[in-house]
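Q: First the structure, which I've put down as structure tokens, then a few questions once you've had a look.
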Amino acid sequence: MKNKILMAMAAAAATALVVLAGCSSSSSTASSAADSTAASSTASSAAASEETTETTGKADGVYTAQMDDASAEAAYGWRDELVVEYKDGKIVSATFESYDADGNKKSETTAETYPMDPSPADWMPELSENIVKAGTSSEIDGITGATLATNNAKAMLAAIEAEGEPDQTIVVSEPEA
């Protein structure tokens, strides 16, 4: 009887070892596969981003987009405008600015005339830099405290990407929230 119990325990132990070894191997393989997939995904994203930045298909030139009248009214009379320059299919410069009805630049306002925190003088150049770095509307990093302007910049660049021509101004409707 003792032999049968010992044999049963030995068989159970052997089965447990096989199962654990199988799980360990499978887990290691799954982990390796996940790591490989993550690395591949990261490499693909980097390659896609690099490819997007390098080859947008836009002809060399200066492209302009501005928000429509309704957007300007919603922004207390300030009309956002984006001017981008493409060279070799890449954005090489971008200027995001807002103008009032008299042509005054929001980036040149003072805290007394336009009390916003952060100041437009600080975030507008940063948004312009983000546009150049992104290279495409879907990759623009937002500016904290300037969400509406960031969304308008994305909408204007998307319009330029879709239908822009050099030395032409596109009028863009306010993006839906």
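The values are calculated or read from the model by the stated rules, or taken from the named source; none is laboratory data. Just so you know, these numbers come straight off a predicted model, no measurement behind them. With ideal geometry, Cβ positions are generated from the backbone for all residues, glycine too; neighbour counts draw on all protein chains shown.
Q: Which of (1) of a type in the set (D, E, K, R); (2) closer than 19 Å to M67 by Cβ; (3) at pLDDT below 95; (4) assigned to a helix (DSSP H, G or I) does E176 not meet, given it meets every other one?
A: (4)
Each row is one residue, and each column tells you yes or no for (1) surrounded by fewer than 16 Cβ atoms within 10 Å (Cβ to Cβ); (2) more than 15 Å from the chain's Cα centre (by Cα).
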position: T109; (1), (2): no, yes
position: P125; (1), (2): yes, yes
position: K133; (1), (2): yes, no
position: T136; (1), (2): no, no
position: G145; (1), (2): yes, yes
position: L157; (1), (2): no, no
position: E163; (1), (2): yes, yes
position: P166; (1), (2): yes, yes
position: S173; (1), (2): yes, yes
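Q: Now a separate question. Any idea which of I160, I131, I143, I170 is at pLDDT below 95 and under 23 Å from K90 (Cα atoms)? Spell out how you get there, then give the answer.
A: Working: I160 fails: at pLDDT below 95; I131 fails: at pLDDT below 95; I170 fails: at pLDDT below 95.
Going through I160, I131, I143, I170 in turn, just one is at pLDDT below 95 and under 23 Å from K90 (Cα atoms): I143.
Q: Now, a different point. Could you identify the single residue in A159, A65 that is part of a strand (DSSP E or B), within 20 Å of E176 (Cα to Cα) and in contact (Cβ under 8 Å) with a residue 40 or more places away in the chain? Full working, then the answer.
A: Numbers: A159 fails: part of a strand (DSSP E or B).
Unique residue meeting the criteria: A65.
Q: Taking only pairs six or more apart or across chains, which ones have beta-carbon atoms under 6 Å, a first residue in the range 94-119 that is free of Cβ contacts under 8 Å to residues at least 24 places away in the same chain, and a second residue that is part of a loop (DSSP other than H, G, I, E, B) and among the hydrophobic types (A, V, I, L, M, F, W, C)?
A: D100/W78
Q: Filter the range 73-94 down to the residues that are β-branched (V, I, T) and surrounded by 17 or more Cβ atoms within 10 Å (Cβ to Cβ), then identify the one that is farthest from L148 (Cα to Cα).
A: Applying the first criterion (β-branched (V, I, T)) to the range 73-94 yields 83-84, 91-92.
When the remaining residues are screened for being surrounded by 17 or more Cβ atoms within 10 Å (Cβ to Cβ), the result is 83-84, 91.
On the way: V83: 18, V84: 19, I91: 22 Å.
Only one residue tops the list, namely I91.
Q: Would you check if there is a residue in the range 114-121 being more than 17 Å from W78 (Cα to Cα) and in the same structural domain as Y76 (by TED's automatic domain parsing)?
A: Taking the range 114-121 as the starting set, the residues that turn out to be more than 17 Å from W78 (Cα to Cα) are none.
No.
Q: Oh, and also: Tally up the residues in the range 71-120 that are of a type in the set (A, V, I, L, M, F, W, C) and farther than 24 Å from P175 by Cα, please. Even if it seems obvious, please write down each step before you answer.
A: We begin by selecting, within the range 71-120, every residue of a type in the set (A, V, I, L, M, F, W, C); these are 72, 74-75, 78, 82-84, 91-92, 94, 96, 101, 111, 116.
Filter once more, keeping what is farther than 24 Å from P175 by Cα: 92, 111.
Going through the range 71-120 one residue at a time, the tally reaches 2.
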